[in-house]
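K.L.:
Please read through the structure below; I'll follow up with questions.
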Amino acid sequence: MRRHGAPAPVLVVAVATVLAGCATGEAPEAPSSDAVPSTVTVFAAASLTQVFDTLAERFESTHPGVGVVLTSGGSGALAQQIVAGAPADVFASAAEAPMQTVVDAGLAEAPVVFATNTLELVVPAGNPVGVSGLDDLARAELRIALCDASVPCGAASVELLARRGVTAAPDTLETDVTSVLTKVVLGDVDAALVYRTDVIAAGGAIEGIDAPGAASVVNRYPIAVLADAASPAAAEFVAFVTGVEGRAALDAAGFGAP
């Protein structure tokens with residue numbers, strides 16, 4: 001199954017037609033061209049990419065004929081794409097503000113918070129420059145990456161640093177947390193702030209350092225079926241994510257409970 005923007009195969013169900021009055025030689029009625037949509041298109045925050053890949057595979061295995069296509073990115077940008085008319089069935093955001101943008105546009109109702117996340121200081125494997133805490137993010141000689149304040153991980157970073165009285169000196173501001181994490185993994189920066197779940201997902205490629213006060217700056221993740229959803233399986237996917245199996249996968253990935 002191809003995901004992340006590649007459309008899933010559509011299962012066309014052919015319905016046999018019973019011909020009445022065969023003796024008259026009437027041509028059989030043409031089957032309807034309206035196929036039941038079998039692809040659930042999900043717009044999801046970048047930090048959900050790995051766990052939603054897992055959940056999509058499990059959902060597909062229990063829903064034959066239904067595919068899930070994931071589009072990942074910064075929550076704010078995804079919300080704007082939805083408002084601008086991008087076709088999607090489900091939206092999962094890394095914070096409530098981007099979801100509210102979609103709700104205010106009349107494109108989603110009653111979003112449900114299904115997970116939480118917090119920030120962690122992260123450095124390349126081996127911590128080559130000896131970063132020890134949030135204060136190091138103010139060191140001008142270090143290469144620092146943060147999420148832009150317009151996206152949830154950036155807004156949380158601004159709040160955390162303000163609470164700790166740290167004036168960071170970022171060399172780059174990225175539009176999603178995956179871009180920040182990639183720069184750390186590649187050694188392009190000396191330190192960054194990402195989500196705790198990203199540190200777990202990256203394994204030994206990076207090192208996480210506890211950020212004092214991070215536990216008090218919590219991102220709440222809402223999910224909703226969109227008003228223009230074409231797939232009848234959209235609500236089932238949301239129920240799957242918010243249900244027992246979804247919770248187990250989120251726990252394993254390091255996401256907190258709502």
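The values are calculated or read from the model by the stated rules, or taken from the named source; none is laboratory data. The structure displayed is predicted, hence computed values, not measured ones. Here the Cβ positions follow ideal geometry from the backbone for every residue, glycine too, while neighbour counts run over all protein chains shown. Surface accessibility is based on the protein's heavy atoms, side chains included, excluding ligands, DNA and RNA. Shrake-Rupley method; radii C 1.70, N 1.55, O 1.52, S 1.80 Å.
K.L.:
Please name which of GLY133, SER157, THR197 has its Cα lying farthest along the dipole of region 86-199 towards the positive end, using unit charges on Cβ (Lys, Arg +1; Asp, Glu -1) and the Cα centre as origin.
P.N.:
GLY133
K.L.:
Leaving out ligands, DNA and RNA, and with a 1.4 Å probe, what % of the accessible surface on the chain is carbon or sulfur?
P.N.:
Numbers: 6700 of 12050 Å².
Taking all protein chains in place, the chain shows 56 percent carbon and sulfur surface.
K.L.:
Using a Förster radius of 41 Å, what is the FRET efficiency between THR172 and ALA257 based on their Cβ-Cβ separation? Nearest 0.05, please.
P.N.:
Values: r = 33 Å, r/R0 = 0.80.
Calculated transfer efficiency: 0.80.
K.L.:
Give the label of the value calculated from the structure for Cα Rg over 2.2 N^0.38 Å, choosing from (1) 1.23; (2) 1.02; (3) 0.98.
P.N.:
It is the one labelled (1).
K.L.:
Just the number please: accessible area per residue for the chain, 1.4 Å probe, all protein chains included, in Å². Please list the in-between numbers first.
P.N.:
Details: 12050 Å² over 258 residues.
I get 47 Å² per residue for the chain.
K.L.:
In addition: How do 99-106, 49-56, 117-124, 210-217 rank on mean C-beta neighbours within 10 Å, highest first?
P.N.:
So the peptides 99-106, 49-56, 117-124, 210-217, ranked by packing, come out 117-124, 49-56, 99-106, 210-217.
K.L.:
Further question on the same structure: Scan around LEU226 for amide H atoms under 5 Å from its own, H built in the peptide plane at 1.01 Å from N, and keep only partners 5 or more places away or cross-chain.
P.N.:
Sorted by chain and number, the residues that satisfy this are VAL90, PHE91.
K.L.:
Can you tell me, using C-alpha contacts under 8 Å and at least 6 residues apart, the relative contact order of region 70-191 as a whole percent?
P.N.:
29
K.L.:
Any chance you could check the Cα centroid distance between region 148-192 and region 51-94 for me, in angstrom?
P.N.:
Using only Cα atoms, the two centres lie 25 Å from each other.
K.L.:
Here's another thing I want to ask about it. Could you work out the relative contact order of the chain, using alpha carbon pairs under 8 angstrom and six or more residues apart, expressed as a whole percent? Spell out each step's value before the answer.
P.N.:
Numbers: 513 pairs, mean separation 67.9, N = 258.
Relative CO of the chain lands at 26 percent.
K.L.:
Once both axes come from the Cα atoms, what is the angle between helix 152-164 and the longest principal axis of the chain, in degrees from 0 to 90, rounded to 10?
P.N.:
Orientation of helix 152-164: about 20 degrees from the principal axis.
K.L.:
Tell me, in nm to one decimal, what length is gained between ARG247 and LEU186 on full extension, where the rule is 0.36 nm per residue of separation less the Cα-Cα distance? Numbers along the way, then the final one.
P.N.:
Working: separation 61, 0.36 × 61 = 21.96 nm, distance 3.13 nm.
Going from the current span to full extension adds 18.8 nm.
K.L.:
Hey, for a label at ALA215 modelled as a point 7 Å past Cα toward Cβ, could you say which residues of region 131-169 have their backbone N under 20 Å away?
P.N.:
Inside the label zone: 133-135, 156-157, 159-165.
K.L.:
Out of the DSSP beta bridges found with both residues in region 74-225, what percent are antiparallel (nearest 5)? Mind dumping the intermediate values first?
P.N.:
Details: 16 of 21 bridges.
Counting DSSP beta bridges with both partners in region 74-225, the antiparallel share is about 75 percent.
K.L.:
I would also like to ask the following. Counting alpha carbon pairs within less than 8 Å and at least 6 residues apart, what relative contact order, in whole percent, applies to region 71-125?
P.N.:
29
K.L.:
Have a look at the DSSP beta bridges in the chain and tell me what percent are antiparallel, nearest 5. Could you put the intermediate results ahead of the total?
P.N.:
Values: 18 of 33 bridges.
Close to 55 percent.
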